[in-house]
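Accompanying notes for the structure given below.
Each value in this text was obtained by applying a stated rule to the coordinates, not by laboratory testing. Keep in mind that this is a model prediction, so the values were computed, not measured. Backbone-built Cβ (ideal geometry, glycine too); neighbour counts: all protein chains shown.
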Amino acid sequence: DLLRYGLKVHVGEVAKIVGERLDQLLISVLLAAADLGLFVVATVVSRGVTGVSSIFGVLAFPKIANQPTGEGRALVFGRYMRAAVLAAVAA
């Protein structure tokens, strides 16, 4: 079961990477050089913000899963969600 799940996750990640590369190819063909430079800067900045939010996911998952009740999970999830939103806005 674990290998089957890992394979599904891996296929999903590979599909995500292929999609990103196709987007980059289309954008590089369709945009002028100046616009392409702005796009690259915007992409780099957005990945930084996404990275900040994903750190909270890694930190929150074990604490959320460790809660014995649904209410406890919702409370911990809400705390991390608010912190992630504030960090993303600040970033």
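Can you give the extra length, in nm with one decimal, that the chain gains between Ser53 and Leu22 once fully stretched, where that is 0.36 nm per residue apart less the Cα-Cα distance?
Working: separation 31, 0.36 × 31 = 11.16 nm, distance 2.48 nm.
Extending this stretch completely gives an extra 8.7 nm.
Ordered by residue, what ³J(HN,Hα) values in Hz, to whole numbers, does the stretch 31-43 give under the Karplus form 6.51 cos²θ - 1.76 cosθ + 1.60, where θ = phi - 60° and Gly and Pro are x?
Here the 3J(HN,Hα) series is 9, 6, 4, 5, 5, 5, x, 5, 4, 4, 4, 4, 5 Hz.
Select from Val40, Val11, Val49 the residue whose mean-square fluctuation is largest in a Gaussian network model of the chain (Cα-Cα springs shorter than 10 Å).
Most flexible of the set in this elastic network: Val11.
Simple spin-label model, 7 Å along Cα-to-Cβ: Gln67 to Ala32 in nm?
Label at Gln67, label at Ala32, 5.2 nm between them.
Helix 70-90 versus the longest principal axis of the chain: what is the Cα-based angle in degrees, 0 to 90, to the nearest 10?
30
Where the centre of each part is set by its Cα atoms, how far does the stretch 3-30 sit from the stretch 35-91, in angstrom?
21
Compute the helix-to-body angle for 2-30: its Cα long axis versus the longest principal axis of the chain, expressed 0 to 90° and rounded to tens.
Once rounded, the angle reads 30 degrees.
Over the Cα atoms of the chain, how large are the radius of gyration and the largest Cα-Cα distance (Dmax), in Å?
When restricted to Cα atoms, the chain yields Rg and Dmax of 18.1, 55 Å.
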